[in-house]
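Notes follow once the structure below has been shown.
The values are calculated or read from the model by the stated rules, or taken from the named source; none is laboratory data. All values derive from a computational prediction rather than experimental measurement. In this analysis, Cβ positions are derived from the backbone assuming ideal geometry, glycine residues included, and neighbour counts consider all displayed protein chains. Protein only, heavy atoms only, side chains kept; ligands, DNA and RNA dropped before computing areas. Shrake-Rupley method; radii C 1.70, N 1.55, O 1.52, S 1.80 Å.
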Amino acid sequence: MAVSGRSAALAIIGGAASTAALALLMTPAMAGGAPPQSAAPAAALTGSCGATAHMDSQWYGGEIVTVTITNTSAAAATKWAATWTLATGQQVVSAWNATVTTTGGITTAANASYNGALAPGASTTFGMQLSGPAVAPTPSCTNNAPGTSTDADVTLTEADTGRTLTLQVGQTVAVHLGSQYLPPTAGGTNLVQLSSAGGYPSGQPVAALYRAVVPGPVDITTHTDAACLHDPLPCAIPIALWQVHINVADVPSTGQTVTLTQIDNTRLLSLHVGDLLVVQLPSMYRPLELSNHGLLLLRDTTGGYPTGQPLTARYTAAIQGRTDLGTVTDSACMHQPTPCPTPAVAWTVHLTVTA
């Protein structure tokens, strides 16, 4: 099993006939920020790739956004992928110059066949029509420029099939397989896919990245495929299965609880990994959203619009980094054929999580 260069402690258990277990100490540090409420560009850099989003136009209930992808490495790249969390109430209506999908609250845009190749310093763009609040995305991106890293806590290859590993909530795992494998899938909600590229039938190697977000067991699986297997008289090429078993471990508690209410709007707050965060807001607020998915582990949430009950949510600080926790008010009259002029009031807290 290949592990990234970041600090991690590995514990492998078992012999030739037993399953191997991998235990890791959590070391990731990530940065995030709230999506801007204007047409100003929002940018993020991840390793060898830069992503900048610009709101080109907006109207009540929708907006057009252009995202610029730049190869910031000194080597050429042949593919890229951008990821971000949609604002509360947002949906992707359509997209061009990229394949855009949303899974588990994370939206991913992968390059089209004609704009994946980027020389050092070169850029390309893709566009989207979004419905919902006029909030520009804050994307991050990755590419496959030689010599760059996925920045994952663990990297799995073809040789790791059948292994068992343990991740702590907030940690990431990358899967690198040959082009003959289908894109891998993870069952359940324990892992969120941050990006995925390549795999059969693209002719490109598989490169997928996941983050552990909910404690519990989960499998990442895939298998090989070939064009001749889909002929009227399929060929006899054997299909190779690939599977890794992952146990997502909870975050140890520090025993400290921090409570936020409506008056804490725009507050700057520092938490330690393992701290419990409780948010209590009036019933007109929508469910809370994070700008940096995975930084806080959601324990439970009740109430909020449109239940008529006060909004209460509990989180555990899972990994080091920065994020914004936010929501907006809503009312039934805003969803009528002729919406009422009631303004939506935003509530946001800026969080920094340290060790």
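Some values worked out for this structure:
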| quantity | calculated |
| --- | --- |
| Under the Karplus curve 6.51 cos²θ - 1.76 cosθ + 1.60, θ = phi - 60°, whole-Hz ³J(HN,Hα) for region 210-220, x wherever Gly or Pro sits | 10, 10, 6, 10, 9, x, x, x, 7, 10, 9 |
| Whole-Å distance, taken between Cα centres, linking region 189-211 and region 71-95 | 14 |
| Equivalent ellipsoid semi-axes - Cα gyration tensor, region 46-116, angstrom | 23, 13, 12 |
| Those residues of region 307-335 whose amide nitrogen sits under 18 Å from the label point placed on residue 257, 7 Å along Cα→Cβ | 310-318 |
| Accessible-area composition of region 102-212, carbon plus sulfur, in percent [1.4 Å probe] | 54 |
| Label-point separation in nm, residue 239 to residue 268, each point 7 Å along Cα→Cβ | 5.6 |
| Rounded to the nearest 10 Å², the accessible area of residue 298 at probe 1.4 Å | 90 |
| Sites residue 57 and residue 228, calculated FRET efficiency, Cβ-Cβ separation with R0 35 Å, nearest 0.05 | 0.15 |
| Percent RCO, i.e. relative contact order, over region 240-282, from Cα pairs under 8 Å lying at least 6 residues apart | 46 |
| Distance histogram in 5 Å bins (all Cα pairs of region 218-355, percent per bin) | 2, 9, 15, 15, 12, 9, 7, 6, 6, 6, 6, 5, 2, 0 |
| Alpha-carbon spread of region 157-227, three principal axes, descending order, Å | 38, 23, 17 |
| Within region 71-89: backbone nitrogen closer than 11 Å to the residue 345 label point (7 Å, Cα to C-beta) | none |
| Carbon plus sulfur fraction of accessible area for region 231-332, probe 1.4 Å, in percent | 57 |
| Solution diffusion estimate, µm²/s, Stokes-Einstein, region 189-245, Kirkwood Rh from C-alpha pairs, 10 °C, viscosity 1.306 mPa s | 118 |
| Size of region 103-206 as Cα extents on the principal axes (Å, biggest first) | 43, 33, 25 |
